[in-house]
There are 2 protein chains.
Amino acid sequence: MKNEYVDIDTLKFLLYHVHDIDNLLEKERFKEYDKTSIDIFIDAIKTFSDTALFPFIKEMDEKPSYFKDGQIIIHPQFKNIIEKAGEMGLVGSIYDFEDGGLQLPTTIFHAAYYIMEAANNHVPGYFGLTAGSANLILSFGSEYLKNTYVPKMLDLTWGGTMCLTEPQAGSSLSDVTTMATPTNEDYYLIKGQKIFISSGDHQFCNNFVHLVLARIKDAPSGIKGVSLFVVPKKRPSNENELVNNNAIIAGEFEKMGQKGYCTTHIVFGDNNDCRGWLVGEPNKGLSYMFQMMNEARIATGRMGAAIASAAYYSSLKYANERPQGRKLNSSGQKNSEEEQTLIINHPDIKRLLFNQKAIVEGSLSLIFEASNYFDKEMTSSSKEEKEKYNLLLELLTPIAKTYPAEQGIKSTSDAIQILGGYGFCFDFMPQQYYRDIRIIALYEGTTGIQSLDLLGRKITMKNGKAVDLLAKEIMKTVQEANLHNELKAYSNILLENLGLTKKVIQTLLPHASKGDFERYLADATIFMEFFGTIVIGWQWLKIANHAKKILSEDNKEQANLFYESKIHTMKFFYTYEMVKTKGLAKTLMNNENLTTKVANAIFN
Amino acid sequence: MKNEYVDIDTLKFLLYHVHDIDNLLEKERFKEYDKTSIDIFIDAIKTFSDTALFPFIKEMDEKPSYFKDGQIIIHPQFKNIIEKAGEMGLVGSIYDFEDGGLQLPTTIFHAAYYIMEAANNHVPGYFGLTAGSANLILSFGSEYLKNTYVPKMLDLTWGGTMCLTEPQAGSSLSDVTTMATPTNEDYYLIKGQKIFISSGDHQFCNNFVHLVLARIKDAPSGIKGVSLFVVPKKRPSNENELVNNNAIIAGEFEKMGQKGYCTTHIVFGDNNDCRGWLVGEPNKGLSYMFQMMNEARIATGRMGAAIASAAYYSSLKYANERPQGRKLNSSGQKNSEEEQTLIINHPDIKRLLFNQKAIVEGSLSLIFEASNYFDKEMTSSSKEEKEKYNLLLELLTPIAKTYPAEQGIKSTSDAIQILGGYGFCFDFMPQQYYRDIRIIALYEGTTGIQSLDLLGRKITMKNGKAVDLLAKEIMKTVQEANLHNELKAYSNILLENLGLTKKVIQTLLPHASKGDFERYLADATIFMEFFGTIVIGWQWLKIANHAKKILSEDNKEQANLFYESKIHTMKFFYTYEMVKTKGLAKTLMNNENLTTKVANAIFN
């Protein structure tokens, strides 16, 4: 099943060349692996995706998960999927061997999930969230919690979730009101409601382990009073039986897309018998949860890139098969006697394809860049290096979440456009991908929230050190590109944009230093679009550098056209996307205060 | 029902002030009308929309039209709607009195349909297409066709459709293969298939009148051999009975949105007994159909603007009611002891609202501008004036179709974003509007087709005369704005963009004069985005001029804030949107040939 939804050659080129996974595999932690074993793992994931995931994506949309008799019912194929995912170790792929994991680099974990999500984005969340929540228990939980929950989660006998959002609070986690009342035992009594709980329940795991943010009685207000609890659906009794824990599934949210992936409403402690076990120390819940949220943000961006990949390949297939219209002759006329040409021969269709390719592959490269920093931070022995990679990861995380989300909307929309009227019809896939991907800009903090994080926290942290570090990384890419005449014009553009970024930040910062944070952050989302475009431009130049390098070698692994396509797509990105940054910079540096100093009544 | 889906005050301000409908009402053709009677008509439409349309939009999505036993079944509420629409004369609103019409200006027709489509975009197509097809018969049909069909269509006893698209041809109308074989009678025998036929059939009209493009036996190939036929579902017999005409409904396309509005597949002449009556002369079908298509293109843009309006008001309502988060203090912190603030108080939410407002109202203004040209062309007595307004209308038509379609996607997406996770759920409306509006960029010629029309035909026609005429209109707006200090900075930007437009066109034209039409048109869609933004910028400056004028008068009709909001939104558009044109111009003037001189295999 070649290029039905993902291009494995591109994925491997990004992994092995652009992001130099070999270097990572030399680390002590990953010494069990080499390129061959990674290849085998990735190929197994592809086979699993081809056979168990991709064939069911349309059906999962047509037969959504639903709520019945207090339980969520998901598509029957999940029985098979969850069994196999448990066997393949997909939950614990990055955990230590001693915790029952595969101890793979995170970058490889993301590569595997990217393939699965491109095949069927309704699926991998069921084990991805279990992976994240078990990891939280491993990182911060007591021995009791680890021993009781993690082994069952590792093989997907039990599923895991994260329960943050409440109806009255939305993104505002400081307003969490779920209560945890201490008892004389080792547990608390939990009472409250959580909504939008992905993979919150289904018929194919016999228990669920919810990681719940709640407020211990009399805790300080705001985020400083939020703690983290393990709250199982059924609690293990002393006799090792499972007892109902009064964590009630109250319903399922009906959604526009990603309908196979359930989104539940859970009521805890309705009859005051819901027990929760504290993870780590009291009132530190949000900082623990942020470990999982940061992982989840990159995972969400990855899912966006994966959906866009699937849409791209479905539209590419159509463009290669559908005849329509004719090429123009030198008088600007069409000869209706000629046979119709394939639509891929029309420049506007090629433009729509290149735009998708640029977004899909650029986004994936950014996901690998970020996860590489994660792996390097984890495996580095130098404190300074650890800090460097941590800062770079922190800076890139909101962008890696948002760029694929926002640009993925445009990319899947382009896929629809290639199919014309058919693109809007249920007989073809682009309309589903277009619906599915729309959630990505909302999951794990909306684009607005990510943008506040980027401009409000990440740009300013440690006096801008993260930006300086990133600038150095970008400069390395610029210098490498300058070695190739063909790339110089583009490296100049990137350099110019780096300067423009500094100018924009310098223009905005005085608002913050004057204490006008509202004004400083008013256009944070525009800053995200601006900076995100430049970061992807950097990724594309990096990709082009590596393509150029391989093209100049004698022992090329693949045909020239593959590498030339990377350079060509880089040029496309610079010609059609990088041109937008100056306009965005102008908006960012405006003095108008149009959204800050204006009465709400202006809309009424 | 104030501002649940449309703002009538804005609509009337645009009609009465910005587009000076009074001036039009002084024409002989419209002498039966004055502002008071127009007000009464618009208010009646609003009441009809409030009571019969808006309450059913969600249900029509949940219970789509479907195919059963050879017929399309649509929502039961249509019985009531179609009866009332027939009574109100909504089919013939712009026809001559002598043809049974209301002889209203087209601009008022568009205003009325805009309100109805904002209330429920699944509905007005059922009578809008009947209006368009009956108008074609009135314009080009024989007395027999007029007398036989039009009266029944006027009161919606019978419905009308346009049948262009065929499965193998899509947008390429020169490849129509439906055959018309002459007989010894006054009719032809029709044989062929048509797809994507909007409002092609349903249970509430007892006959349908299809206007079908077909090729008379032995006609020349290409568009020069395409004729237009009236092909009824049931043909009136000599005894005035309706006889089955072998025009078979073969199915319904299941769509991502606009599910209440049926999209059918019709098979003509399966058993060689489908009769069609020629409209006008043979082989001129496409030129006749273009009358209807040009109207339909403006109507489609109008529908896009209307859907975006509905989404805007649904998100505005939410923003005004939903508390979440807090304002930042001067240390950039939130005080979690405070009550949560309404989300409309967050600048990023205001930005999303202004963006929607700018797109919705700017688009509506452009629809009125175009339809005003139509009315002026029709009522002018000078040949020169007629040509002027015709050229201006021709130039603006593809933009009036495309800007609301493409920007409407972004606008409705912004509405989802304001609701956060709820925006993705079926309990709230934005997700439906987001799905509904996606068809607008595909109907009546995709964005790619409209863009080829704009750059390939409209910009170059009569040696660029249309662009010159538009430049003069824009200059009038610039000069008027220069009278107000507050607007000068923006009129300078518009002037600069007019210069940039000329520069872009001058840079592109040499490709065409060298015979490289493929290159000339390669980025036509980017040109559409570029020029469309400038045209909407012109509309906003025009709106601001009129707001400013009223604000300076003593006897203002409404509170200042209403007019100030128009000026503020103009500033928003210039600060956040007009800044994009330079980047787009740079793309347009690139020398890279990235989508023309490249092998298709680059994607594989």
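The values are calculated or read from the model by the stated rules, or taken from the named source; none is laboratory data. Everything quoted here is computed from the prediction, not taken from an experiment. When we count neighbours, we look across all protein chains shown, and the Cβ atoms used for this are built from the backbone with ideal geometry, even at glycine.
Exactly one residue out of A:GLN203, A:GLN258 is out of contact with any helix residue (DSSP H, G or I) (no Cβ under 7 Å at 6 or more places or on another chain), at pLDDT 95 or above and not hydroxyl-bearing (Ser, Thr, Tyr): that is A:GLN203.
Name every residue in segment A:195-211 that is surrounded by 22 or more Cβ atoms within 10 Å (Cβ to Cβ) and in contact with a Leu (Cβ under 7 Å, 6 or more places away or on another chain), in order of residue number. A:SER199, A:CYS205, A:LEU211 - these are the residues of segment A:195-211 that are surrounded by 22 or more Cβ atoms within 10 Å (Cβ to Cβ) and in contact with a Leu (Cβ under 7 Å, 6 or more places away or on another chain). In segment A:152-167, the qualifying residues are those that are in a helix (DSSP H, G or I) and touching a strand residue (DSSP E or B) at 6+ places or on another chain (Cβ under 9 Å), and the one that is nearest to A:TYR434 (Cα to Cα) is A:MET153. Only one entry in B:ALA180, B:ALA131 is of a type outside the set (D, E, K, R), more than 14 Å from chain A (Cβ to nearest Cβ) and part of a helix (DSSP H, G or I), namely B:ALA131.
Here B:SER411, B:SER363 are screened, and the one residue that is away from chain A (no Cβ under 14 Å), in contact (Cβ under 8 Å) with a residue 40 or more places away in the chain and closer than 30 Å to B:GLN324 by Cβ is B:SER363.
Listed by first and then second residue, the pairs with beta-carbon distance under 7 Å, at least 6 apart or on different chains, first residue in segment B:445-474 and in contact (Cβ under 8 Å) with a residue 12 or more places away in the chain and polar (S, T, N, Q), second surrounded by fewer than 21 Cβ atoms within 10 Å (Cβ to Cβ) and part of a loop (DSSP other than H, G, I, E, B), are B:THR446/B:SER171. Residue check: B:LYS224 meets all listed conditions (1) touching a residue at least 40 places away in the same chain (Cβ under 8 Å); (2) within 14 Å of another protein chain (Cβ to nearest Cβ); (3) surrounded by 19 or more Cβ atoms within 10 Å (Cβ to Cβ); (4) farther than 28 Å from B:TYR66 by Cα but one, namely (3).
In segment A:135-144 there is no residue matching the filter, namely being under 21 Å from the mean Cα position of the chain (by Cα), over 26 Å from A:ASN244 (Cβ atoms) and within 14 Å of another protein chain (Cβ to nearest Cβ).
Taking the conditions (1) more than 20 Å from A:LYS542 (Cβ to Cβ); (2) part of a helix (DSSP H, G or I); (3) of a type in the set (A, V, I, L, M, F, W, C) in turn, A:PHE572 satisfies each one other than (1). Going through A:GLY325, A:GLY304, A:GLY285 one at a time, which residue ends up being surrounded by 18 or more Cβ atoms within 10 Å (Cβ to Cβ) and touching a His at 6+ places or on another chain (Cβ under 7 Å)? Just one listed residue meets the conditions, A:GLY325.
Can you pull out the residues in segment B:31-71 that are part of a helix (DSSP H, G or I), aromatic (Phe, Trp, Tyr) and closer than 18 Å to B:PRO105 by Cβ?
B:PHE41
For B:PHE354, the stated conditions hold: it is at the interface with chain A (Cβ under 10 Å from one of its Cβ atoms), of a type in the set (Phe, Trp, Tyr) and assigned to a helix (DSSP H, G or I). When you check B:VAL123 against the structure, is it touching a residue at least 60 places away in the same chain (Cβ under 8 Å) and under 30 Å from B:SER451 (Cβ atoms), yes or no? Answer is yes for this residue. Being farther than 29 Å from A:PRO124 by Cα and more than 14 Å from chain B (Cβ to nearest Cβ) is the filter here; which residues of segment A:191-221 pass it? Residues satisfying the conditions are A:LYS191, A:ILE216, A:LYS217, A:ASP218.
Screening segment A:476-553 for helices (runs of 4 or more DSSP H) wholly inside it with 1 or more residues that are touching a Phe, Trp or Tyr at 6+ places or on another chain (Cβ under 6 Å), within 14 Å of chain B (Cβ to nearest Cβ) and modelled with pLDDT of 95 or more returns the ranges A:485-513, A:524-552.
Residue-by-condition table, conditions (1) in contact with a strand residue (DSSP E or B) (Cβ under 8 Å, 6 or more places away or on another chain); (2) polar (S, T, N, Q); (3) under 22 Å from A:GLY132 (Cβ atoms):
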position: A:LYS217; (1), (2), (3): yes, no, no
position: A:SER221; (1), (2), (3): no, yes, no
position: A:GLY225; (1), (2), (3): yes, no, no
position: A:LEU228; (1), (2), (3): yes, no, yes
position: A:ASN238; (1), (2), (3): no, yes, no
position: A:GLU241; (1), (2), (3): no, no, no
position: A:ASN246; (1), (2), (3): yes, yes, no
position: A:ILE249; (1), (2), (3): yes, no, yes
position: A:TYR261; (1), (2), (3): yes, no, yes
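Being crowded, with 20+ Cβ neighbours inside 10 Å, closer than 28 Å to A:ALA358 by Cα and over 26 Å from the mean Cα position of the chain (by Cα) is a description that applies to B:LEU594. Within segment B:393-408, the residues that satisfy the criterion of being within 14 Å of another protein chain (Cβ to nearest Cβ) and polar (S, T, N, Q) are B:THR402, B:GLN407. Which of the residues spanning segment A:1-30 are within 14 Å of chain B (Cβ to nearest Cβ) and not in a loop (DSSP other than H, G, I, E, B)? A:ILE8, A:ASP9, A:THR10, listed by residue number. Residues in segment B:435-450 that are within 16 Å of A:SER413 (Cβ to Cβ) and either assigned to a loop (DSSP other than H, G, I, E, B) or within 7 Å of another protein chain (Cβ to nearest Cβ) (or both): B:ARG435, B:ARG438, B:ILE439, B:ILE440, B:ALA441, B:LEU442, B:TYR443, B:THR446, B:THR447, B:GLY448.
Only residues that are facing chain B (nearest Cβ under 7 Å), more than 30 Å from B:LYS597 (Cβ to Cβ) and among the hydrophobic types (A, V, I, L, M, F, W, C) were counted across segment A:561-598, and they come to 2.
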